[in-house]
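The values are calculated or read from the model by the stated rules, or taken from the named source; none is laboratory data. As the structure is a prediction and not an experimental result, all values here were calculated from the model. When we count neighbours, we look across all protein chains shown, and the Cβ atoms used for this are built from the backbone with ideal geometry, even at glycine. Heads up: the accessible areas ignore ligands, DNA and RNA and are worked out on the full protein's heavy atoms, side chains in. Shrake-Rupley method; radii C 1.70, N 1.55, O 1.52, S 1.80 Å.
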Amino acid sequence: MSEKAIDLSSYLGGDHGPYKSWDAVNRPMIRHWCDVMGDNNPIYLDEQAAQEAGFPGIVAPPTMLQAWTMLGYGERRPPGSDTRDPFAVLPALEEMGYPAVVAVNCEQEYTRYVAEGESLYYRSTIEAISEQKSTALGVGFFVTELSTYYNQRDEVVGTMRFRVFKFAPRSVQEAEAPAADAAAGGKPAAALRMRPVRNQDTAFFWEGIDAGELRIQRCRGCSTLRHPPSPACPSCQSLDWDAVQASGRGMVYSFVVMHNPEIPPFDYPNLIALVELDEGTRLVSNLVGVSRHQVKIGMPVAVEFSEIEPGFHLHQFRPLEQN
Ligand code: ZN
């Protein structure tokens, strides 16, 4: 595959849009968002509080930026929208033999609040397409889309960079091109798990896993526990935090059985649970020692740690013996 010359330059840059929103910024959508996110900031729902904060009326949570212009389940765009696919490079790469995709990261920047009644649209450009890269998942390309969001007066309200990796999974690649791998100097590499991101917010958690401890972030302002790790306390907004060691016991709050697509190196069907710890926070983890037919919501489980690849420790949960 590395021998194949692929010219993706025609997909780079460009100006696609407008991609319009079905609805103007409105209170019902804001209310549902705040409800789901647990965001009780009054400027989003209380006219008077918004005015006291210096706004003419209620404003939308900035993190709703993308929500206003998203395709619905019917995948239709509002009249007046560009009918082209802003991410046409992805189906093109699919045809070239890179069928799999993972989202890599997403960065949003907010220029200003948007108020009830404003009508948003966005324009899109493909900001970057990497050289062909070889990763633990496979060989492929990093593609970055930059979307710029405007209101009805064509004022920029925010931007979003969305980066994906479009790739040929290792198993496919090895099956199709064993000779190329051999020529590249060795045996085909076994697929490896993607490593978790360790940054100043999350390092304590992964260092805990390495040490055989399940740690939960704790606000030093109000002692509220939270997971996944984040810089600020959702209860009191304090940026001051430490961590406590969890008992490691909890129960299956929910679960999914992942069948497709099969991405190495995971085993399928892949049993993934949302575990509610005795301390109250929830985390996503694989379940072991139980089949997908036996797993039940409410099932008591306990954490265990294993070195699933050399130097890479991960937490898993196993059902507790019930007598
Ligand atoms: Zn707090």
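Give, rounded to the nearest 20 debye, the magnitude of the charge dipole that the chain has about its Cα centre when Lys and Arg contribute +1 at Cβ and Asp and Glu contribute -1 at Cβ.
Dipole about the Cα centre, nearest 20: 340 debye.
Determine the calculated [θ] at 222 nm for the chain from helices alone, applying -39500 (n - 2.57) to every DSSP H run no shorter than 4 residues and normalising by the residue count; nearest 500 deg cm²/dmol.
The helix contribution divided over the chain gives -3500 deg cm²/dmol.
Counting only Cα, what are the radius of gyration and maximum Cα-Cα distance Dmax of the stretch 9-183, in Å?
19.9, 70
Taking the chain as a Gaussian network, Cα atoms linked when under 10 Å apart, which of GLY74, GLY158, GLY140 shows the biggest mean-square fluctuation?
Fluctuation is largest for GLY74.
Can you send over the carbon and sulfur percentage of the accessible area for the stretch 203-319, probe radius 1.4 Å, protein chains only?
C and S fraction of accessible area: 50 percent.
With a Förster radius of 41 Å, plug the Cβ-Cβ distance of ARG282 and THR159 into 1/(1 + (r/R0)^6) and report the FRET value to the nearest 0.05.
So, using R0 = 41 Å, E works out to roughly 0.85.
Provide the per residue accessible area, probe 1.4 Å, for the stretch 9-183, rounded to a whole number of square angstrom.
Here the per-residue accessible area is 52 Å².
Quick one: with all protein chains in place, what share of the accessible area of the stretch 1-99 is carbon or sulfur, to the nearest percent (1.4 Å probe)?
52 percent
Select from the stretch 24-106 those GluC sites (Glu not before Pro) which occupy a DSSP coil region and have at most 11 other Cβ atoms within 10 Å, ordered by residue number.
Here the GluC sites (Glu not before Pro) that fit, given the DSSP loop and packing criteria, are GLU75.
Counting only heavy atoms of protein chains, what accessible area per residue, in Å², does the stretch 225-285 have with a probe of 1.4 Å?
So the stretch 225-285 comes to 55 Å² accessible per residue, rounded to a whole number.
Between ARG249 and TYR110, what is the spin-label point distance in nm, taking each point 7 Å from the Cα along the Cα→C-beta axis?
The two pseudo-label positions are separated by 4.1 nm.
May I have the count of lysine pairs in the chain with C-alpha atoms under 23 Å apart, counting pairs 8 or more residues apart or located on different chains?
Total qualifying Lys-Lys pairs in the chain comes to 5.
Would you mind getting me the FRET efficiency between SER223 and ALA136? Use the beta-carbon distance for r and R0 = 41 Å, nearest 0.05.
E between SER223 and ALA136, to the nearest 0.05, is 0.60.
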